[in-house]
Amino acid sequence: MLSRRIIPCLDVHEGRTTKGIKFKNNIDIGDPVTMARMYYEAGADEIVFYDITASHEKRNIMIDVVRRVAETIFIPFSVGGGIRTVDDMRQVLLAGAEKISVNSAAVNNPDIIRQGAEAFGNQCVVLGMDVKHVGKSPAIPSGYEVVINGGRRHMGMDALEWAQKGQALGAGEICLNSIDADGMKTGYELTLTALISENVSIPVIASGGAGTPDHLLDVLTKGKADAALIASMVHYGTYTVPEIKKYLDSKGVKMRMGW
């Protein structure tokens, strides 16, 4: 069995880390480079950075932050937000990131997934998905709809169908965020996570809702996720990465424990 990954997620706005609930009421919580270094030293397996308003505001990506992070940490990290072209992907990778995450841009132009995979390899392309539960309908047979632009725009696309299409186009990984659970600290959306995990063959990273180590245990077992994104529970000092890993290891979840 492969080790499960614990991945702190840093939402970035205007060069600062921010945190909100269901993509709203965001507050400044620190410098992303300093926080990335702290999580790297604590034993995080990877780190994810999202420029949370770049797509909505049609801004370019935060290359300066990417470069400073690459000089500071020595674990894989991925970057999303504002990536609209293969050249954008190239800039981020050349600045030091290992992976790029496409979300709104991929919905608007699915071929960017194929282009990125052909240019840089499947392992570099993460399909980011923001998903909302809307109930089953002929248009949304799974009951889960894809939304973009930071949760502002409903697309009428079924989440399961989109995940499978993203894999077929060449995505090497899916980062699956439940908007309903985002920032609530009441647990991941297990039904959604299991649905996607069981119906694609690429790794699925669960995102949205982590509040306690039990929540990670649930999503990595019942939700069948390959990795779990965490934010509030470590950003506010409620738990540390080593505490979370030790707990999961004690419950039989294989972890990288080398700090």
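Numerical summary
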item	result
Answer from L217, L190, L169, L248 - the residue that is in contact (Cβ under 8 Å) with a residue 12 or more places away in the chain and either touching a strand residue (DSSP E or B) at 6+ places or on another chain (Cβ under 8 Å) or under 19 Å from L10 (Cβ atoms) (or both)	L248
From the options V92, V86, V79, V102, residue that is more than 22 Å from L160 (Cα to Cα) and within 14 Å of the chain's Cα centre (by Cα)	V79
Candidate set from the range 148-181 (those that are surrounded by 21 or more Cβ atoms within 10 Å (Cβ to Cβ) and among the charged types (D, E, K, R)); member that is farthest from S232 (Cα to Cα)	D158
All positions within the range 134-174 that are closer than 26 Å to D51 by Cβ and in a strand (DSSP E or B)	Y144, E145, V146, V147, I148, R153, H154, M155, G156, M157, E173, I174
Residue within the range 117-130 that is buried (at least 21 other Cβ atoms within 10 Å of the Cβ), touching a residue at least 24 places away in the same chain (Cβ under 8 Å) and among the charged types (D, E, K, R) present	yes
Unique match (being more than 21 Å from M157 (Cβ to Cβ) and either touching an Asp or Glu at 6+ places or on another chain (Cβ under 9 Å) or of a type in the set (D, E) (or both)) among D88, D111	D88
Selection count, the range 193-214, where residues are buried (at least 22 other Cβ atoms within 10 Å of the Cβ), in contact with a strand residue (DSSP E or B) (Cβ under 6 Å, 6 or more places away or on another chain) and not in a helix (DSSP H, G or I)	6
Filtered residue count, the range 48-68, keeping only those that are modelled with pLDDT under 95 and within 18 Å of the chain's Cα centre (by Cα)	12
Residues (closer than 18 Å to G211 by Cβ, modelled with pLDDT of 80 or more and not hydroxyl-bearing (S, T, Y)) located in the range 11-43	D11
Residue in the range 91-109 that is hydroxyl-bearing (S, T, Y) and modelled with pLDDT of 95 or more present	yes
Pairs where the first residue, in the range 131-155, is modelled with pLDDT of 95 or more and the second is acidic (D, E) and part of a loop (DSSP other than H, G, I, E, B), C-beta under 9 Å, 6+ apart	V131/D180; V131/E189; K132/D180; H133/D180; H133/E189; Y144/E189
Filtered residue count, the range 131-147, keeping only those that are small (G, A, S) and exposed (fewer than 14 other Cβ atoms within 10 Å of the Cβ)	3
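This table checks each residue for (1) closer than 19 Å to Y40 by Cα; (2) assigned to a loop (DSSP other than H, G, I, E, B).
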{"site": "L217", "(1), (2)": "no, no"}
{"site": "G223", "(1), (2)": "no, yes"}
{"site": "A228", "(1), (2)": "yes, no"}
{"site": "V234", "(1), (2)": "yes, no"}
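The values are calculated or read from the model by the stated rules, or taken from the named source; none is laboratory data. Just so it is clear, the model here is predicted, and its values are computed rather than measured. As a convention, Cβ positions derive from the backbone with ideal geometry for all residues, glycine included, and neighbour counts pool all protein chains shown.
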